[in-house]
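Beneath this line is the structure, given in structure tokens, with notes to follow.
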Amino acid sequence: MTNNLKYFIGNWKMFGDFGSFKIIHKINQYIYKNKKFNKSKIVLCVPNTLLDFFNKKLKSQLVSLGAQNCHQQEGYGAFTGSVSALMLKKMGAKYIILGHSENRSEGESYEIIKRKITSALKQKLNVIFCIGENYKEKKNGKTFTILRKQIKGSLEKRFNKNKILLAYEPVWSIGTNMIPKTNELRNTIKFIKNDIKFFFNTNKCPKILYGGSVNPKNIRLFSSITEIDGFLIGGASQSSKKFIDIIKNYYK
Ligand code: PEP
């Protein structure tokens, strides 16, 4: 993973069909024509059903593809309806989102996420590991305690930290148009960076992204927080215009 890049990672969730390739195509063209964005890494995490199709159609590799989850089991196994990191890798995924709050809310434990990260790293996928507090935890002043628990609960010191991006996604901010106050966010990102450095016993911190209701209008607020290494963008990544405008406005 190259180090001084800003990441713009789209999470399409359960949206899209073959025709949605036009979204990726437009983003790809835009990046190609605007060389100043070569300090950015663009990734789109799409439904599994589209990975292989998009991968074959994407001739230039300006946009990388990612998946949104995998089964904890490595390789193959009797797990109806599931896919493994190995299978996703074979379909063209270079990145994978793990620990997303929408999956945690369906019962994904810290241990399960740890196993998923282990199998994704074995496949040399770049892991986008999501952490974040819910509204009640925030109100009760528990944000840092929760973040630390999530980090310690699912990461292992032996993991290759260069293949891990941490996405701080306050659960109350996902899909709600509510975003953290600038100062609060800066402090939280600093907290995560220090915690991770301590955890991995290193000075070189993995990239820390922010995710939660990022859009073309509010991206300027985030760009002032230089500690943020990039963004995980849900709803707005399903529109090429919104996604491109986010990148454009970030660099304004
Ligand atoms: C997400 O699902 O990771 C996310 C950040 O969603 P949204 O941008 O829609 O809040």
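Any read-out appearing in this document is the output of simple, stated calculations on the displayed coordinates, not a laboratory observation. From a predicted model like this one, the values you see are computed outputs, not experimental measurements. Here the Cβ is made from the backbone with ideal geometry for all residues, glycine too, and neighbour counts use every protein chain on show.
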- request: Starting from segment 185-202, keep only residues that are farther than 16 Å from Phe159 by Cα, then list their pairs with residues that are assigned to a helix (DSSP H, G or I) whose Cβ atoms are within a distance under 8 Å, requiring at least 6 positions of separation or different chains.
  value: Leu185/Phe222; Thr188/Thr143; Thr188/Phe144; Thr188/Leu147; Phe191/Phe144; Phe191/Leu147; Ile192/Leu147; Ile192/Ile151
statement: Exactly one of Leu88, Leu121 is in contact with a Lys or Arg (Cβ under 8 Å, 6 or more places away or on another chain), away from the ligand (no atom under 16 Å from the Cβ) and among the aliphatic types (A, V, I, L, M), and that residue is Leu121
- prompt: Do you know which of the residues in segment 17-65 that are among the hydrophobic types (A, V, I, L, M, F, W, C) and part of a loop (DSSP other than H, G, I, E, B) is surrounded by the most Cβ atoms within 10 Å (Cβ to Cβ)?
  reply: Val46
Selection within segment 161-184 - of a type in the set (S, T, N, Q) and over 17 Å from Asn11 (Cα atoms): Asn162, Thr182, Asn183
- request: With a cut-off of at least 2 residues that are polar (S, T, N, Q), name the helices (runs of 4 or more DSSP H) lying wholly within segment 84-140.
  value: 101-104, 110-122
- line: Within segment 215-231, of all residues that are over 26 Å from Gly16 (Cβ atoms) and among the β-branched types (Val, Ile, Thr), the one nearest to the ligand (Cβ to nearest atom) is Ile228
message: Given (1) crowded, with 19+ Cβ neighbours inside 10 Å; (2) within 16 Å of the ligand (Cβ to nearest atom); (3) of a type in the set (A, V, I, L, M); (4) farther than 23 Å from Ser223 by Cβ, identify the lone condition not met by Met14.
response: (1)
- prompt: Just to be sure, is Ala78 within 14 Å of the chain's Cα centre (by Cα) and assigned to a loop (DSSP other than H, G, I, E, B)?
  reply: no
task: Please find, among Gly234, Gly212, the residue that is within 21 Å of Tyr135 (Cβ to Cβ), within 14 Å of the ligand (Cβ to nearest atom) and out of contact with any helix residue (DSSP H, G or I) (no Cβ under 8 Å at 6 or more places or on another chain).
output: Gly234
